[in-house]
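Peer 1: Sharing a structure here in structure tokens format.
The values are calculated or read from the model by the stated rules, or taken from the named source; none is laboratory data. Quick caveat, the model's predicted, so the values are computed rather than measured. FYI the Cβ positions are ideal-geometry reconstructions off the backbone, even for glycines, and counts take in every protein chain you see.
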Amino acid sequence: MSFSNNGYLDMELLRFTTAGSVDDGKSTLIGRLLYDSKSIFEDQLEAVKRASIQKGNDYINLALLTDGLRSEREQGITIDVAYRYFATPKRKFIIADTPGHVQYTRNMVTGASTANAAIILIDARNGVIEQTLRHTFIATLLQIPHLVVCINKMDLVDFKEEVFETIKKSFSTFASVVDINDVRFVPISALKGDNVVDESQNMPWYKEGTLMSILESIPIENDYNFTDARFPVQYVIRPLTDEHHDYRGYAGRVAGGIFADGDTVTVLPSGIKTKIKSIDLFETKLNEAFPPMSVSLSLEDDIDISRGDMIIKPDSMPTISQDIEATICWMNQKPLRIGGKYNLMHTTRDIKCIVKEVLYKINVNTLAQITDDKDVGLNSIAKIKLKTTKPLIFDTYKKNRVTGSLILIDEATNETVGVGMIG
Amino acid sequence: MNKHHLNHLRELESESIYVIREVAAQFERPVLLFSGGKDSIVITHLARKAFYPAKLPFPLLHIDTGHNFQETLDYRDDLVKKIGAQLIVGLVQESIDKGKAVEESGYNASRNVLQTITLLDTIEKYKFDAAMGGARRDEEKARAKERFFSHRDEFGQWDPKNQRPELWNIFNGKKNMGEHFRVFPISNWTEMDVWQYILLENIEMPSLYFTHQREVFCRDGVWLATAPFMKLKNTEKAEIKTVRCRTIGDITCTGVTLSEANTLEEIIGEIAATRVTERGGRADDKRSDAAMEDRKREGYF
């Protein structure tokens, strides 16, 4: 890694997820990104070399770098979302490495929930298949702002431009159906390293940059909502010391918009208006706070505010309602119960809700709405109606990924059984 | 560029502060595990930022193997005094005396594994329902799959195949009686991020991390510090070297690096150039390929 101190202190963070079917070479691609960006340490590489020889592989099996748990190594599959880290002089990266099996929709959804970008892997020999559609659908459902479609194993189709162009075209046809803002295509060979970090000598017809150069340059600074000011109150700071006798700070993370010192704000659900007296982070007083900053706000007036309340700016009101429609992904073996009660967590609120109705399920391979089968089991995606015991303060997921997302928790086991995107 | 944009260190900081505040809000008796190592020092710093001007709303807990670097204990006591925190110490020696833990024997004897017993006992004694620690996902492959909020059953065990899904920034800390959580606020940080942040925030660090002269010996390619309770083999020879610690843990299994880095900038430069993971110097991980996974299942940090 080349290194300049000041540069490193001021890098951007990009979170991305990878989706591919079992044999698309996803682990190899991640191994290649880590290896060619020199993020693999000698002792890790030694371990992988040893394991590769033991398994009788002819080359260093980079996929072994990412196999975490013993059962995964035994079965040669990835079970759970794994997080990987690497950095180049331009950016720091967090990869949510999610398994591609049919039964692991829930992992893909998990990895996608915090991602700025998704890499969709396509095997050049197979082109766009059912699973490609599923991965793309999930990426768009979770509103990942940027998609990078990697057409892998180009070495096995003689690096032919026609193959790349045909797949690009058929993907674009599909993409016009779903909601994608930013999509790019790269022909690669993860195994041989073509166009991953280093430019391919085998595909002179492709000139739009390697995967790494794309990851380093995707503009992510506008991925947050900077328009609609939202501050879910997380914790009330009351020092109760002689020095800070009257201090009362509302701690939280800005979920949307920009809050400035002196701004008029409304506290929900009470609706009381006041002004921001100061924005603090430790010993620093800030002029502004914006997503995703964790700060503490103090207000001009003494108002009764507690965790779960939301501070907003009156120019943009969120929705306040007990009736919520959401697209959910079911994460548990135990199916969704229509009429069932669940705990619901949304921003910093924790309330109860009842499932009123399943409107339809979505076939993740065809995107067709299913209305004649309303059994929502593990890995199902469905549009449902919920009623909460108290009004929820929310936005649509499309407008804001923080104030538009929720999770459902089983009252008996406390497990997170469902996750939802409002709207 | 948009001026409303955080760099990676501030974004990581913000995420960690959010997680720490979530712990204080969701649990009745949280605790922060403090080992005196750089990761727990950074978490303590983040916790101060999270609740300032109030003091930490939870105590620090040090699981003391008895095999410490003296510098670690001095640093710990100074810090506790400076920030006005409450400190609880769980002694591995006490677990051994009570017959709950059995001391390992042989040249590679370490109390590292025994910490788990003392940790679980201390959690039970004080009825802690969430223990925050400085583990990072980049450290080791079993850790790569750990959640921020990691659920533990009544026996303190981790079931990697049955973890709760964790999406967005919604952390489910609900539990039944007797169960507890381990929480890892700096999950997404790398070793480099930690040092960069220490530099950015100018956090005071124990002298062990900087270059110094120390009596060491070489075992299996790793330099270890000599100590009264360390047995040297016939082939091993103690010698004075110029070293620094890359991690700080139990003295018996903490490898030191030959280094002349004397400032944070020099340490960062050294890490940028280095080709071995920081846990490469940890004898406890070398026991087997799944050593960390096994210890975690048992309730290790």
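Peer 1: Only one of these is more than 9 Å from chain B (Cβ to nearest Cβ), closer than 26 Å to A:ARG401 by Cβ, touching a strand residue (DSSP E or B) at 6+ places or on another chain (Cβ under 9 Å) and not in a strand (DSSP E or B): A:LEU215, A:LEU297. Name it.
Peer 2: After applying the criteria, what remains is A:LEU215.
Residues checked against (1) touching a strand residue (DSSP E or B) at 6+ places or on another chain (Cβ under 7 Å); (2) away from chain B (no Cβ under 14 Å); (3) of a type in the set (Ser, Thr, Tyr):
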site: A:ARG84; (1), (2), (3): yes, no, no
site: A:PRO99; (1), (2), (3): no, no, no
site: A:THR105; (1), (2), (3): yes, no, yes
site: A:MET108; (1), (2), (3): yes, no, no
site: A:GLY111; (1), (2), (3): yes, no, no
site: A:ASN116; (1), (2), (3): yes, no, no
site: A:VAL128; (1), (2), (3): yes, yes, no
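Peer 1: Could you check segment B:74-132 and list, in sequence order, the residues that are in contact (Cβ under 8 Å) with a residue 60 or more places away in the chain and polar (S, T, N, Q)?
Peer 2: B:ASN108, B:SER110, B:ASN112, B:GLN115, B:THR116, B:THR122
Peer 1: Any residue that is under 28 Å from B:GLN26 (Cα atoms) and among the basic types (Lys, Arg) - is there at least one of those in segment A:358-374?
Peer 2: The answer is no, given that none of the residues of segment A:358-374 is under 28 Å from B:GLN26 (Cα atoms) and among the basic types (Lys, Arg).
Peer 1: Give me the pairs: first residue in segment A:36-56 and farther than 16 Å from A:TYR85 by Cβ, second residue among the charged types (D, E, K, R), beta-carbon distance under 6 Å, and six or more apart or on different chains, which are they?
Peer 2: As it stands, the answer is A:GLU42/B:ARG275, since those pairs meet every condition given.
Let's see how each residue does on (1) at pLDDT 90 or above; (2) at positive phi; (3) surrounded by 15 or more Cβ atoms within 10 Å (Cβ to Cβ); (4) not charged (D, E, K, R):
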site	(1), (2), (3), (4)
A:SER113	yes, no, yes, yes
A:GLN131	no, no, yes, yes
A:ARG134	no, no, yes, no
A:GLN143	yes, yes, yes, yes
A:CYS150	yes, no, yes, yes
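Peer 1: What's the total number of residues in segment B:181-225 that are within 14 Å of another protein chain (Cβ to nearest Cβ), outside any helix (DSSP H, G or I), within 30 Å of A:ASP10 (Cβ to Cβ) and in contact (Cβ under 8 Å) with a residue 40 or more places away in the chain?
Peer 2: The total comes to 8.
Peer 1: Sort out which residues of segment A:367-395 are crowded, with 17+ Cβ neighbours inside 10 Å and among the hydroxyl-bearing types (Ser, Thr, Tyr), and write them in order of number.
Peer 2: A:SER380, A:THR388
Peer 1: Working only within segment A:402-417, note down all residues that are under 14 Å from A:LYS352 (Cα atoms) and within 16 Å of the chain's Cα centre (by Cα).
Peer 2: Answer for segment A:402-417, where residues must be under 14 Å from A:LYS352 (Cα atoms) and within 16 Å of the chain's Cα centre (by Cα): A:LEU406, A:ILE407.
Peer 1: Checking the structure you have, find out if any residue of segment B:145-167 is basic (Lys, Arg), away from chain A (no Cβ under 14 Å) and over 16 Å from the mean Cα position of the chain (by Cα).
Peer 2: no
Peer 1: Take segment B:114-131 and flag every residue that is assigned to a helix (DSSP H, G or I) and under 15 Å from B:PHE181 (Cα atoms).
Peer 2: B:THR116, B:LEU119, B:LEU120, B:ASP121, B:THR122, B:ILE123, B:GLU124, B:TYR126, listed by residue number.
Peer 1: Then there's this: Report yes if some residue within segment A:190-197 is on the phi > 0 side of the Ramachandran plot and either part of a strand (DSSP E or B) or out of contact with any strand residue (DSSP E or B) (no Cβ under 9 Å at 6 or more places or on another chain) (or both); otherwise report no.
Peer 2: Yes; the residues of segment A:190-197 include at least one that is on the phi > 0 side of the Ramachandran plot and either part of a strand (DSSP E or B) or out of contact with any strand residue (DSSP E or B) (no Cβ under 9 Å at 6 or more places or on another chain) (or both).
This table checks each residue for (1) touching a helix residue (DSSP H, G or I) at 6+ places or on another chain (Cβ under 9 Å); (2) free of Cβ contacts under 8 Å to residues at least 60 places away in the same chain; (3) farther than 20 Å from A:SER37 by Cα.
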{"residue": "A:ASP155", "(1), (2), (3)": "no, yes, yes"}
{"residue": "A:GLU162", "(1), (2), (3)": "no, yes, yes"}
{"residue": "A:LYS168", "(1), (2), (3)": "no, yes, yes"}
{"residue": "A:ALA175", "(1), (2), (3)": "yes, yes, yes"}
{"residue": "A:ILE180", "(1), (2), (3)": "yes, yes, yes"}
{"residue": "A:SER189", "(1), (2), (3)": "yes, yes, no"}
{"residue": "A:GLY193", "(1), (2), (3)": "yes, no, no"}
{"residue": "A:ASP198", "(1), (2), (3)": "yes, no, no"}
{"residue": "A:MET203", "(1), (2), (3)": "yes, yes, yes"}
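Peer 1: Same structure, new question: Please count how many residues of segment A:216-262 are over 21 Å from A:ARG15 (Cβ atoms) and among the hydrophobic types (A, V, I, L, M, F, W, C).
Peer 2: Count: 10.
Peer 1: Taking only segment A:266-288 into account, find how many residues are under 24 Å from A:MET345 (Cα atoms) and crowded, with 20+ Cβ neighbours inside 10 Å.
Peer 2: Qualifying residue count for the region: 2.
Peer 1: Kindly indicate whether A:PHE290 is within 24 Å of B:GLN26 (Cα to Cα) and within 13 Å of chain B (Cβ to nearest Cβ).
Peer 2: no
Peer 1: Further question: Out of all the residues in segment B:245-265, which are in a helix (DSSP H, G or I), within 19 Å of B:GLY37 (Cβ to Cβ) and within 14 Å of another protein chain (Cβ to nearest Cβ)?
Peer 2: Selection gives B:LEU264 alone.
Peer 1: OK, next. Does A:ILE138 qualify as being assigned to a helix (DSSP H, G or I), buried (at least 21 other Cβ atoms within 10 Å of the Cβ) and in contact with a helix residue (DSSP H, G or I) (Cβ under 8 Å, 6 or more places away or on another chain)?
Peer 2: Considered against the rule, which asks whether it is assigned to a helix (DSSP H, G or I), buried (at least 21 other Cβ atoms within 10 Å of the Cβ) and in contact with a helix residue (DSSP H, G or I) (Cβ under 8 Å, 6 or more places away or on another chain), A:ILE138 comes out as yes.
Peer 1: Also, I was wondering about something else. Taking into account only those residues within segment A:221-246 that are more than 33 Å from the chain's Cα centre (by Cα), surrounded by fewer than 17 Cβ atoms within 10 Å (Cβ to Cβ) and on the phi < 0 side of the Ramachandran plot, which is nearest to the other protein chains (Cβ to nearest Cβ)?
Peer 2: Only one residue tops the list, namely A:HIS244.
Peer 1: Suppose we filter A:LYS387, A:LYS374, A:LYS399 for residues that are more than 16 Å from A:VAL109 (Cα to Cα) and under 20 Å from the mean Cα position of the chain (by Cα); which single one remains?
Peer 2: On inspection, the qualifying residue turns out to be A:LYS399.
Peer 1: If you don't mind, there's one more thing I want to ask. Here's a check for you: in segment A:67-111, which residue that is assigned to a helix (DSSP H, G or I) and among the β-branched types (Val, Ile, Thr) is modelled with the lowest pLDDT?
Peer 2: Selected residue: A:VAL102.
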